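Visitor: Sending over a structure as structure tokens; questions will come in a sec.
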Amino acid sequence: MNNARIALVTGANQGLGRALAEGLAARMEPADLVLLTGRNQQRVAAAAAEIAAAPGTHSQVQGRVLDVADPDAIAALAAELRETYGGVDIVLSNATTRLLPDQSQSAMADEYIDVANTATHTILRTFTPILRPGGRLFVVASSLGTLGHLPEQLRPLFDNATLDQVEYAVESWRSAIHSKTAEEAGWPRWLNTPSKVAQVAAVRAVAAERRAKDLGTGTLIASICPGMVDTATSRPWFSDFSEAQTPAEAASAVVDLALTPGVDPDQYGELIQFGKVVPWHSGTPLDEQALQLIP
């Protein structure tokens, strides 16, 4: 059994993911290991090398190629970490696919859902069993991930759902997009909204099953809303970034939560933004005028 802490960050070669890896590496111990992952081998290697050489870095940093859209790759990495280190202490599921306003949302649906949702389901299934006592597993979502952002008729698909039921709802949504019946069924045209709701619902489903055990060991599973962050992913969608955070600023609160011992029971399984719980049933659907601006 390895006593050093092991942290894993997905989608970590740029933007918020890289800032999360940098923040962990600066605050963890020399014996600890931060695994920075992404799909592009050159970018992952370069990012890991730069963080490892940075003056503020204290822990070890390694780059790993991981395509989160490949469930077998996620499962293989989890098995390796279990065998090599006896488990993992921090998992920050951050990978996403960039959407652009001039792209067809339906054309991007499979790639987006695979990276944001199918990967979330796989990470929850494969990494929670190897999460060591006192560990942290966070899925980076957004404030759009609350149930009220969906039309009322779709909310029962995700409210008090099991992980299998969330996965079924996501695949039903995907099928409706392909059959061109999604809008008729009430699914928001913007992929981000149902995707984020499904991410938060998946975390809630797993947390509901593990709550008693995890609270007893100081282990925290939660969704995270980092707030507006000035990145290449968000810039095409917004015109005013005067109040946006830098990736480093946004990562700070997440790293704080990941490294602070103990668990507030009110935060367990919830969507957390700046240390506060965002109520699951809050939010309202996007208005039709906003939806019409989205291709």
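Visitor: Any residue at all in region 134-152 that is over 25 Å from residue 228 (Cβ atoms) and among the hydrophobic types (A, V, I, L, M, F, W, C)?
Guide: No - not one qualifying residue is present in region 134-152.
Visitor: Is it true that residue 72 is of a type in the set (Asp, Glu), touching a residue at least 12 places away in the same chain (Cβ under 8 Å), surrounded by fewer than 19 Cβ atoms within 10 Å (Cβ to Cβ) and closer than 30 Å to residue 179 by Cβ?
Guide: Values: of a type in the set (Asp, Glu): yes; touching a residue at least 12 places away in the same chain (Cβ under 8 Å): no; surrounded by fewer than 19 Cβ atoms within 10 Å (Cβ to Cβ): yes; closer than 30 Å to residue 179 by Cβ: yes.
Answer is no for this residue.
Visitor: Looking at (1) part of a helix (DSSP H, G or I); (2) crowded, with 20+ Cβ neighbours inside 10 Å, which is the only condition residue 82 fails?
Guide: (2)
Visitor: On the given criteria, is residue 122 among the hydroxyl-bearing types (Ser, Thr, Tyr) and more than 22 Å from residue 111 (Cβ to Cβ)? Spell out how you get there, then give the answer.
Guide: Working: among the hydroxyl-bearing types (Ser, Thr, Tyr): yes; more than 22 Å from residue 111 (Cβ to Cβ): no.
Here the answer is no, as residue 122 does not meet what is asked.
Visitor: Being part of a loop (DSSP other than H, G, I, E, B) and surrounded by fewer than 21 Cβ atoms within 10 Å (Cβ to Cβ) is the filter here; which residues of region 158-186 pass it?
Guide: Across region 158-186, the qualifying residues are 159, 160, 161, 162, 179, 180, 181, 186.
Visitor: Separate question: Tell me whether region 95-117 contains one or more residues that are in a helix (DSSP H, G or I), free of Cβ contacts under 8 Å to residues at least 24 places away in the same chain and of a type in the set (Phe, Trp, Tyr).
Guide: Scanning region 95-117, I find no residue that is in a helix (DSSP H, G or I), free of Cβ contacts under 8 Å to residues at least 24 places away in the same chain and of a type in the set (Phe, Trp, Tyr), so the answer is no.
Visitor: Now for a different question. Does residue 155 satisfy the criteria of being among the basic types (Lys, Arg) and either touching a Pro at 6+ places or on another chain (Cβ under 8 Å) or surrounded by 22 or more Cβ atoms within 10 Å (Cβ to Cβ) (or both)?
Guide: no
Visitor: Quick check: anything in region 38-61 closer than 19 Å to residue 140 by Cβ, of a type outside the set (A, V, I, L, M) and surrounded by 19 or more Cβ atoms within 10 Å (Cβ to Cβ)?
Guide: Yes, region 38-61 has at least one match.
Visitor: Moving on to the next point. Select from region 1-18 the residues that are within 14 Å of the chain's Cα centre (by Cα) and either buried (at least 22 other Cβ atoms within 10 Å of the Cβ) or part of a strand (DSSP E or B) (or both) and list them in ascending order. Please lay out each step first, then the result.
Guide: Keep residues of region 1-18 that are within 14 Å of the chain's Cα centre (by Cα), which gives 8-12, 15-18.
Matches in region 1-18: 8, 9, 10, 11, 12, 16, 17, 18.
Visitor: Another question about this same structure. Identify all residues within region 138-184 that are within 16 Å of the chain's Cα centre (by Cα), aliphatic (A, V, I, L, M) and over 17 Å from residue 118 (Cβ atoms); write none if there are none.
Guide: 144
Visitor: Tell me, please, whether a residue that is closer than 29 Å to residue 125 by Cα, modelled with pLDDT of 95 or more and small (Gly, Ala, Ser) can be found in region 226-244.
Guide: No: zero hits.
Each row is one residue, and each column tells you yes or no for (1) at pLDDT 95 or above; (2) within 20 Å of residue 257 (Cβ to Cβ); (3) hydrophobic (A, V, I, L, M, F, W, C).
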residue	(1), (2), (3)
12	yes, yes, yes
20	yes, yes, yes
29	yes, yes, no
41	yes, no, no
44	yes, no, yes
50	yes, no, no
53	yes, no, yes
58	yes, yes, no
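Visitor: Assess whether residue 136 counts as being in contact (Cβ under 8 Å) with a residue 40 or more places away in the chain and surrounded by 22 or more Cβ atoms within 10 Å (Cβ to Cβ).
Guide: So residue 136 passes the test.
Visitor: Follow-up. Filter region 162-175 for residues that are among the small types (Gly, Ala, Ser) and either farther than 22 Å from residue 122 by Cα or touching a residue at least 12 places away in the same chain (Cβ under 8 Å) (or both) and give the result. Step through it out loud before you land on a result.
Guide: Start the filter on region 162-175 by keeping residues that are among the small types (Gly, Ala, Ser), which leaves 169, 172, 175.
Correct list: 169, 172.
Visitor: Continuing with this model, one more query. Collect the residues in region 47-79 that are among the β-branched types (Val, Ile, Thr) and either farther than 24 Å from residue 129 by Cβ or assigned to a loop (DSSP other than H, G, I, E, B) (or both), keeping them in residue-number order.
Guide: 51, 57, 61, 68
The values are calculated or read from the model by the stated rules, or taken from the named source; none is laboratory data. Since we're looking at a predicted model, the values are computed, not measured. Methodologically, a virtual Cβ is constructed for each residue, glycine included, from the backbone with ideal geometry; neighbour enumeration extends over all protein chains shown.
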